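Enquirer: What follows is a structure written as structure tokens; I'll ask about it next.
Read-outs: derived from the displayed coordinates by stated rules, not from any lab. Source: prediction; values computed, not measured. Cβ placement follows ideal geometry from the backbone for every residue including glycine, while neighbour counts extend to all protein chains displayed.
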């Protein structure tokens, strides 16, 4: 059906616009604005809910909820175990990214999270070597790039609205 695909494409496009803004903001200020993350998550959720209702198939919406919960839980655990190592904005962002990628299954959400960390690793190693263990760099742009890569991969292999 065309309408569910349009809803999913609109959700991805809205996430992309917000993601670019969030990445630039994080690089400039080291902050990820809560209001942007949650308003984008609300829009993505609403569009996914519409697609699920039109399809009469809840699997995508369930996957999105699981992806958001799993990605948020993983980064929240890191944040609460050692708060200086990760800001809570990154935790909120991982919920948004997990929501986006989870439409294709909670596994896609975890792949997006792992891809973000994999992309951040080379710069992190260089920064640690040059500036020591207390140095920090924004993680948000890498989390966003990882989620984008996972979403593009999922769309290419399964389509905007996977056949369940």
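Enquirer: What's the Cα-based Rg to Rh of the range 2-158, Rh via Kirkwood?
Expert: With Rg and the Kirkwood Rh in hand, the quotient comes to 0.99.
Enquirer: With an 8 Å Cα cut-off and a minimum separation of 6 or more residues, compute the relative contact order for the range 98-162 in percent.
Expert: After rounding, I find 44 percent.
Enquirer: Calculate, in nm to one decimal, what residue 49 and residue 157 gain on full extension: separation in residues at 0.36 nm each, minus their alpha carbon distance.
Expert: Fully extending the segment from residue 49 to residue 157 adds 36.7 nm.
Enquirer: I'd like the orientation of helix 2-29 relative to the chain: the angle between its Cα long axis and the longest Cα principal axis, in ° from 0 to 90, rounded to 10.
Expert: 10
Enquirer: So how tilted is helix 140-158 from the main axis of the chain? Cα-based, degrees 0 to 90, rounded to 10.
Expert: Helix 140-158 and the main axis of the chain meet at about 30 degrees.
Enquirer: What relative contact order, as a whole-number percentage, does the range 2-158 give when Cα pairs under 8 Å and 6 or more residues apart are counted?
Expert: Computed value for the range 2-158: 24 percent relative contact order.
Enquirer: Here's another thing I want to ask about it. Once R0 is set to 25 Å, what does the formula 1/(1 + (r/R0)^6) return for the Cβ-Cβ distance between residue 130 and residue 80, expressed as a FRET efficiency to the nearest 0.05?
Expert: Computed FRET efficiency for residue 130 and residue 80 comes out at 0.30.
Enquirer: Something else about it: With angles folded into 0 to 90 degrees, how steeply does helix 106-131 sit against the dominant principal axis of the chain? Use alpha carbons for both and round to 10.
Expert: Taking the Cα atoms of the chain, the angle to 106-131 is about 20 degrees.
Enquirer: Report the calculated FRET efficiency for residue 3 and residue 107 (r = Cβ-Cβ distance, R0 = 25 Å), to the nearest 0.05.
Expert: 0.45
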